[in-house]
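Encoded as structure tokens, the structure appears first; notes follow it.
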Amino acid sequence: MSTSFSDYLNHEIHCSCGRTHLCDIDDILIEDGALARVPALIQKGGYTDICLVEDSNTAKAAGNALKEILQNAGIIFHTVTLHAEGLLPDEYGIGAVLTRVPADCKLLLAVGSGTINDLCRFVSYKMNIEYFIIGTAPSMDGFTSNVAAMITDHTKTTYETHRPKAVIGDLSVLADAPMDLIAAGVGDVIGKYVCLADWKAAHLITGEYFCSNVETLVHKSIQKVSDAVPKIGSRDKSAIAGLMEGLVLSGIAMSYIGNSRPASGSEHHLSHYWEMMFLQHGDHGAWHGIKVGVGTVIALKLYKLLAQAELDFSALSAYTFEEASWTDSVFSAYGTAAPVVLSLEKKVRKNSTNEVLTRLQALETHLPKIRQIAEALPEPETIRDMLKHLGAPYEPWQLGVDDQMFQNSILFAKDLRNRYGLLQILYDTQLNHSFADAIRKEIYVNEYSVTKETVPV
Ligand SMILES: [Zn+2]
Ligand SMILES: [Zn+2]
């Protein structure tokens, strides 16, 4: 059942796309009893001066068991146990790890999945030492990533760091994870349908680099997870293995490309926008992958509308970028985060008259192919039902996204970064307002007709 990852790791793949792909991780173990193999990995790497970092929750999930295994193997290590409550990948969290980790430490064992992973990735990179990640929940695709998602100056920022030397997913541990974290992992992977569609569209319209072998790898990741969904609710170990393998494969795809392009598209942009708005109100909202799952349902609805839309390219060619009014709208959509968005636009000019008209010309040529891409995507209801089956939110209002925030996200989430995809297509073709309205009416009118049983807790 389990996948051997050695084919993917630590060797250069000279690809038909013209690039060389590499994922510099030594070992990925996803199996029952994987914790027991940690001492052998430590010995193989010749590591000494080890520090295990956990929090009060992950200690119970895996940390305590791992400590016993290490002790029985005669491995000497130091332990840092952080308070789980209020722990974030922020300056305080970094300080909390740094003040407790011995200065001569050579290897961090990060026991956790979200915050602990980001903190240990960041701190080990800054200390110029290695780290292993011992996952406690199959909740996101960042296990194999080299970026740490941190909150600095109250703003979510990604930092380029390094990859772990080993990723350990013990199925007994992962299958016991809270169900909302498991559902988040599913959401993060099923969003890849949209990522791939965005990436292919960008390749056609802007000539962005694309690799069909990496696309195949991401499809494999999606397939593993959709196959696993029916049995995930019962915590079936082979289904949990499928989910974790899917998450890891998506992560490997990102390392092959060197950025998140194959695994983060318009569904992630929507999720990031919502998260940013929640953060401005001192709230983090649902887990990343839960928001991505909802963003996926919305992006699929938009793609299906796009497949049917009639476009009048000669009318669209009258576009001129009204920068002043656009800037005002960005201020009202982004609040305190507006300056970041405006300075990105100043730098890349993606909404400028020239850029939009050039893309529209390419879109006119490639419209049949873009429609094919949209039509080939799964129906939004299929993904909605998957999320429902797991008891996860599937509509934005269930996350706390109100009508206005929803509208703003369709119109402006694309301006968080310079990555062409669905939301930029809707801006360029001026379909964004009418599509946002159509979906809003459907979702926010239905909001009150949804029965209590279907509302996730
Ligand atoms: Zn390639
Ligand atoms: Zn993600």
query = If one computes P(r) from the Cα atoms of the range 268-387, what percent of pairs lie at distances over 20 Å?
reply = 60
query = With each label point set 7 Å from Cα along the Cα-Cβ vector, what nm distance links MET127 and ILE13?
reply = 3.2
inquiry  = Full-extension gain between SER172 and ALA36, please, as 0.36 nm times their residue separation minus the C-alpha to C-alpha distance.
reply    = 47.8 nm
query = Based on the mean of other beta carbon atoms within 10 Å per residue, what is the order of 255-264, 209-218, 423-432, 286-295, most packed first?
reply = 286-295, 423-432, 255-264, 209-218
key: Alpha-carbon centroids, the range 131-170 and the range 413-445: separation in whole Å   = 30
ask   = Counting Lys and Arg as +1 and Asp and Glu as -1, what is the net charge of the other residues whose Cβ lies under 13 Å from the Cβ of VAL167?
value = -4
ask   = Assuming a viscosity of 1.567 mPa s and a temperature of 4 °C, what translational diffusion coefficient in µm² per second does Stokes-Einstein assign to the chain, Rh being the Kirkwood radius over Cα pairs?
value = 57
ask   = What 222 nm value per residue comes from the helices of the chain, counting each DSSP H run with n ≥ 4 as -39,500 (n - 2.57) and dividing by all residues, nearest 500 deg cm²/dmol?
value = -16500 deg cm²/dmol
task = Can you check what the net charge comes to around GLU245, using other residues whose Cβ is under 15 Å from the Cβ of GLU245 (Lys, Arg +1; Asp, Glu -1)?
result = -4
request  = Show me 357-369, 167-179, 219-231 ranked by packing, highest mean number of other Cβ atoms within 10 Å first.
outcome  = 167-179, 219-231, 357-369
query = Quick one: helix 338-348 against the long Cα principal axis of the chain, what's the angle to the nearest 10°, folded into 0 to 90?
reply = 70
query = Calculated FRET efficiency, ASP385 and HIS78, Cβ-Cβ r, R0 35 Å, to nearest 0.05?
reply = 0.15
remark   = Expressed as a whole-number percentage, the relative contact order of the range 17-130 with C-alpha contacts under 8 angstrom and at least six residues apart is 31
request  = Express the relative contact order of the chain as a whole percentage, based on alpha carbon pairs under 8 Å and six or more residues apart in sequence.
outcome  = 15
request  = Report the local net charge at ARG100: Lys and Arg +1, Asp and Glu -1, summed over other residues whose C-beta lies under 14 Å from its C-beta.
outcome  = -3
Rg followed by Dmax, in Å, when the range 332-417 is reduced to its Cα trace = 17.2, 46
query = What is the percent of Cα-Cα separations in the range 36-124 that go past 15 Å?
reply = 55
task = Using per-residue counts of other Cβ atoms within 10 Å, averaged over each peptide, order 300-311, 269-280 from highest down.
result = 269-280, 300-311
key: 0 to 90° range, to nearest 10: angle between helix 432-446 axis and the chain longest Cα axis   = 70
query = Given the chain, what percent of its DSSP beta bridges are antiparallel, to the nearest 5?
reply = 25
inquiry  = Considering only C-alpha atoms, what is the centroid distance from the range 89-129 to the range 312-373, in Å?
reply    = 40
remark   = So the angle from the long Cα axis of helix 91-100 to the longest Cα principal axis of the chain, reported in degrees to the nearest 10, equals 10
Percentage, to the nearest whole number, of Cα pairs in the range 6-177 over 24 Å apart = 32
ask   = What nm value, rounded to one decimal, do you get for the distance between SER4 and LEU311 when each label is placed 7 Å out toward the C-beta?
value = 4.7
request  = Apply 1/(1 + (r/R0)^6) to the Cβ-Cβ distance of SER352 and ASP153, taking R0 = 22 Å, and write down the FRET efficiency to the nearest 0.05.
outcome  = 0.15
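All of the numbers you see were taken from the coordinates with simple rules; none came from a lab. This structure is a prediction, so every number in the text was calculated from the model and none was measured. Neighbour counts are summed over all protein chains in view; Cβ atoms, including those assigned to glycine, are modelled from backbone coordinates with ideal geometry.
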